[in-house]
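The values are calculated or read from the model by the stated rules, or taken from the named source; none is laboratory data. Small disclaimer: the values here were computed from a predicted structure and weren't measured. Cβ: placed from backbone, ideal geometry, glycine included. Neighbour counts: every protein chain shown. We work out accessible area using only protein heavy atoms, side chains counted, and drop any ligands, DNA or RNA first. Shrake-Rupley method; radii C 1.70, N 1.55, O 1.52, S 1.80 Å.
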Amino acid sequence: DQQVKQNSPSLSVQEGRISILNCDYTNSMFDYFLWYKKYPAEGPTFLISISSIKDKNEDGRFTVFLNKSAKHLSLHIVPSQPGDSAVYFCAAYATFTGTASKLTFGTGTRLQVTL
Amino acid sequence: DTAVSQTPKYLVTQMGNDKSIKCEQNLGHDTMYWYKQDSKKFLKIMFSYNNKELIINETVPNRFSPKSPDKAHLNLHINSLELGDSAVYFCASSLQGRANEKLFFGSGTQLSVL
């Protein structure tokens, strides 16, 4: 049962434009969300996170929006740069479990930023 | 200086063989993990260790045996390799293993079983 879904396997955006990556979840117990970025032949690296007590978190060019009622979050990258080309994974915790071992990942969206 | 390092990066082997993947973290974290990314790109937890103690074993066949000689190292030994074991294996660590911590990942080991 896939509890975190990234329904767009790939996305292509022009340099300078906004990239919007989407993520849906089904488990209503999830209350903390993270985005990871992965380059080829490297491990995922943490990008940004958001707690369910917020609906927005911003870090430089990266903003994550959370819509709890829709069980949906999105990552906005503005402006997009060629170095942003990577696979982006959405991940979610149910913090009541108390353990990081229950981090659930989506299958990723490959973002390509073109010149 | 790499925070989480795993070796080898690539591993090609025959069915039935036994192989090991090593992982080391220099972040001073208490908790380490093994994740498997299969052909469908799912990243799934296999094991987690906190201070050398096994915390989670997510229904992984007992052909997979993790070993943690100290909290900075978590190695993965796989016996009698099968075709279905082909995947990318990621080691990771986090500060104390609590929910909402960010995980730091190694660069992965691509295992191909022929």
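Conditions (1) outside any strand (DSSP E or B); (2) more than 11 Å from the chain's Cα centre (by Cα), marked per residue:
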position: B:61; (1), (2): yes, yes
position: B:66; (1), (2): no, no
position: B:77; (1), (2): no, no
position: B:89; (1), (2): no, no
position: B:93; (1), (2): no, no
position: B:96; (1), (2): yes, yes
position: B:110; (1), (2): no, yes
Residue A:99 - would you say it is of a type in the set (Ser, Thr, Tyr), within 14 Å of chain B (Cβ to nearest Cβ) and open to solvent by less than 20 Å² (accessible area, probe 1.4 Å)?
no
Pairs returned, first residue in the stretch A:34-52 that is over 18 Å from residue A:112 (Cα atoms), second residue that is acidic (Asp, Glu), beta-carbon separation under 9 angstrom, 6 or more apart or interchain, are A:48/A:58; A:48/A:59; A:51/A:31; A:52/A:31
So for the stretch A:12-21 (the condition being within 23 Å of residue B:4 (Cβ to Cβ) and among the β-branched types (Val, Ile, Thr)), does at least one residue qualify?
no
Out of curiosity, is residue B:20 under 29 Å from residue A:2 (Cα atoms), part of a strand (DSSP E or B) and at pLDDT 95 or above?
no
In the stretch B:25-56, which residues are out of contact with any Leu (no Cβ under 8 Å at 6 or more places or on another chain) and of a type in the set (D, E, K, R)?
B:38, B:40, B:41, B:44, B:52, B:53
If you scan the stretch B:67-86, which residues turn out to be surrounded by fewer than 21 Cβ atoms within 10 Å (Cβ to Cβ) and closer than 22 Å to residue A:44 by Cα?
B:71, B:72, B:73, B:75, B:85, B:86
Sort out which residues of the stretch B:79-107 are closer than 14 Å to residue A:38 by Cα and free of Cβ contacts under 8 Å to residues at least 60 places away in the same chain, and write them in order of number.
B:88
Got a sec? Which strands (runs of 3 or more DSSP E) wholly within the stretch A:14-115 have at least 2 residues that are among the polar types (S, T, N, Q) and at pLDDT 95 or above?
A:19-25, A:45-51, A:62-67, A:109-114
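Considering only residues that are of a type in the set (Gly, Ala, Ser) and more than 20 Å from residue A:101 (Cβ to Cβ), look in the stretch B:87-112 and name the one that is surrounded by the fewest Cβ atoms within 10 Å (Cβ to Cβ).
Filtering the stretch B:87-112 for residues that are of a type in the set (Gly, Ala, Ser) and more than 20 Å from residue A:101 (Cβ to Cβ), the one surrounded by the fewest Cβ atoms within 10 Å (Cβ to Cβ) comes out as B:112.
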Evaluation of residue A:22 against (1) within 14 Å of chain B (Cβ to nearest Cβ); (2) surrounded by 16 or more Cβ atoms within 10 Å (Cβ to Cβ); (3) not acidic (Asp, Glu) (one fails), failing number
(1)
Which members of the stretch A:35-61 meet the condition of being touching an Asp or Glu at 6+ places or on another chain (Cβ under 9 Å), open to solvent by 20 Å² or more (accessible area, probe 1.4 Å) and not polar (S, T, N, Q)?
A:37, A:47, A:53, A:61
Limited to the stretch B:31-48, what total is found for residues that are surrounded by fewer than 14 Cβ atoms within 10 Å (Cβ to Cβ) and within 7 Å of another protein chain (Cβ to nearest Cβ)?
1
Which numbered condition trips up residue B:51, out of (1) within 11 Å of chain A (Cβ to nearest Cβ); (2) within 12 Å of residue B:73 (Cα to Cα); (3) in contact with an Asp or Glu (Cβ under 6 Å, 6 or more places away or on another chain)?
(1)
Is there a residue being closer than 22 Å to residue B:108 by Cα, open to solvent by less than 30 Å² (accessible area, probe 1.4 Å) and out of contact with any Leu (no Cβ under 8 Å at 6 or more places or on another chain) anywhere in the stretch A:79-94?
no
